Amino acid sequence: PRPFRWRAADRRLARCLSVDDLERAARRRVPTAVWDYVYGGSDGEHAMHRNRETFDRVELRPTAFGQVAEPEVRTTILGRPAAAPIVLAPTGYTRLSHHTGERAVAAAAAAAGLPYTLSTYATTSITDVADAAPQGRNWFQVYLMKDRAVTLDHINEAASQGYEALMLTIDTTVTGMKRKDKLNGFAIPPQLSLRTFAGMARHPGWVANILSTEPLRFATFPEGSHYGRWGMSNELREQAIRPTDISWLKEHWDGPVVVKGVLSVADAVACVDAGADALVLSNHGGRQLDRAPVPLELLPAVVDAVGSRTEVFIDSGVRSGGDIAAALGLGARGVMIGRPYLYGLMVGGRQGVDATLGLLAEELRRAMCLLGAPDIASLGPEHVRLRSA
Ligand code: FNR
């Protein structure tokens with residue numbers, strides 16, 4: 001028989017039929033400070049809300065006479081097969097969402113046949129994630145450090161552990177200002193307020209689980225180093241990234257380099273000229289520059305400019321198979337998801353991530369069926385219209 005904990009998670013997950021359901025259920029599973037950190041956007045949260053407003057304005061236009069009963073959602077990503085056009089985006093502090101953290105997410109991604117990106121600000125090491133998902137397509141997200149020797153250590157560990165690709169994030173000159181995180185004491189070092197403490201007290205199971213696992217720290221850095229301590233250390237990160245940094249990565253990494261956080265056509269061209277193998281149009285889920293462009297709106301122009309030379313992905317606000325269909329129709333090779341898998345993780349650990357990924361692939365399949373698109377390649381701009389607000 002399955003352990004009680006798993007059956008309880010099964011029951012919770014059985015009631016979640018969409019990412020929005022998972023979001024509602026997830027909110028009840030973690031202390032408020034954790035929820036605020038994962039859910040929130042920067043400053044006025046305009047970028048975060050606009051991401052969703054834009055997807056909500058999508059009209060999907062069926063072409064009935066292409067209909068098939070079982071559309072094919074398999075595709076290739078960076079030239080290798082993927083079960084669906086979905087990549088799991090890097091998220092820092094994943095073990096706050098659930099004590100099984102990055103290991104559970106990587107294992108779920110591997111089982112679903114999708115790439116998983118481990119963050120530089122991961123709470124599980126590069127090696128431990130490879131051990132948890134040895135068959136997975138594991139990617140490593142680089143926050144370039146001023147001390148390039150530290151970044152080289154990351155690259156070398158990722159290479160020795162069989163990671164497939166690097167993803168350079170270029171939108172984090174400084175960490176975006178999230179008011180609630182500040183008020184909750186989500187800082188370096190953590191300054192737990194009475195409110196935060198009370199929030200934890202309402203989630204004794206979460207607290208007990210966290211305490212039962214290894215201490216939370218940035219596990220991609222050596223134990224005891226000041227890099228590994230709790231916090232987002234702007235001073236340690238490179239705060240002036242240049243296209244030459246992309247070529248530098250290409251010199252030191254024998255594999256694809258993906259650039260994440262591109263938000264203009266000019267930057268997209270510069271990245272590809274510098275050797276980037278793929279781009280992710282992203283406003284970091286509305287967590288960095290507030291009022292930044294919405295990736296879905298930027299997508300057609302970028303695909304026009306560099307789509308024949310590179311794979312273009314988008315993230316920020318993807319919450320359904322219909323959203324994915326819209327992105328693909330406008331020229332994306334695939335999408336990345338951040339919060340959706342964290343919601344699944346909160347609700348049911350590994351099983352919750354399985355559920356999230358299964359649900360999105362199923363929604364995409366159904367959307368394509370109804371759109372009359374038999375496979376990914378047949379999704380085009382004729383299927384998508386952005387209604388005016
Ligand atoms: C992130 N994101 C992120 N990106 C990155 O390059 N390095 C990182 O360490 C993190 N950390 C992180 C933590 C949390 C809690 C979230 C929600 C996001 C951004 C992430 O990779 C991705 O761009 C967004 O999450 C995409 O938007 P959605 O899917 O969350 O709307």
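Here, each number is a calculation from the coordinates, and none is a lab measurement. For clarity, every value in this text was computed on a predicted model and none was experimentally measured. Here the Cβ is made from the backbone with ideal geometry for all residues, glycine too, and neighbour counts use every protein chain on show.
Based on Cα atoms of the chain, Rg over Rh with Rh as the Kirkwood radius reads 0.95.
Once you reduce segment 34-103 and segment 328-369 to the center of their Cα atoms, the two points are 6 Å from each other.
Three principal axis extents of segment 65-115 based on alpha-carbon atoms, in descending order, are 47, 23, 16 Å.
Stokes-Einstein diffusion for segment 131-181 at 25 °C, viscosity 0.890 mPa s, with a Kirkwood radius from C-alpha pairs, works out to 193 µm²/s. Principal axis analysis of the Cα atoms in segment 184-319 yields extents of 53, 34, 24 Å, listed in decreasing size.
Taking every DSSP bridge with both residues inside the chain, close to 20 percent are antiparallel. Here residue 182 is the anchor, and the lysines within straight C-alpha reach of less than 29 Å, apart from those fewer than 8 places off in the same chain, are 146, 260. Between residue 45 and residue 225, full extension at 0.36 nm per residue minus the direct alpha carbon distance yields a gain of 61.4 nm. Judged by the ratio a/c of the largest to the smallest principal axis of the C-alpha gyration tensor, segment 39-92 counts as oblate, that ratio being 1.5 or greater while a/b is no larger than b/c.
Test of the criteria: in segment 308-369, which trypsin sites (Lys or Arg not before Pro) are in a DSSP loop and have at most 16 other Cβ atoms within 10 angstrom of their Cβ? For trypsin sites (Lys or Arg not before Pro) across segment 308-369 that sit outside H, G, I, E and B with at most 16 neighbouring Cβ atoms in 10 Å, the list reads 309. Plainly put, segment 1-139 has a radius of gyration that is 1.00 times its Kirkwood radius, both from alpha-carbon atoms, as the Rg/Rh ratio. Per residue, the average separation of C-alpha pairs within less than 8 Å and at least 6 apart gives segment 85-181 a relative contact order of 25 percent. The alpha carbon radius of gyration of segment 244-379, expressed as a multiple of 2.2 N^0.38 Å, is 1.12.
Label zone of residue 24 (point 7 Å out along Cα→Cβ, amide N under 18 Å): in segment 317-333 this covers 319-321.
Whole-percent P(r), segment 331-389, all Cα pairs, 5 Å bins from 0: 4, 15, 19, 20, 16, 14, 9, 2. Given their separation in residues at 0.36 nm each and the Cα-Cα distance between them, residue 273 and residue 5 gain 91.4 nm when the chain is fully extended. Short-range pairs are left out: with C-alpha atoms under 8 Å and at least six residues apart, the relative contact order of the chain is 28 percent. Label separation (residue 308 vs residue 157): 4.2 nm, computed from points 7 Å beyond Cα along the C-beta direction. The calculated FRET efficiency for the pair residue 59 and residue 234, based on their C-beta separation and a Förster distance of 45 Å, comes to about 0.65. The calculated pair-distance distribution of segment 83-150 uses every alpha carbon pair, bins of 5 angstrom beginning at 0, and gives 4, 19, 29, 24, 14, 7, 3, 0 percent.
In a fully extended conformation the segment linking residue 192 and residue 264 would gain 22.1 nm over its present Cα-Cα distance, using 0.36 nm per residue.
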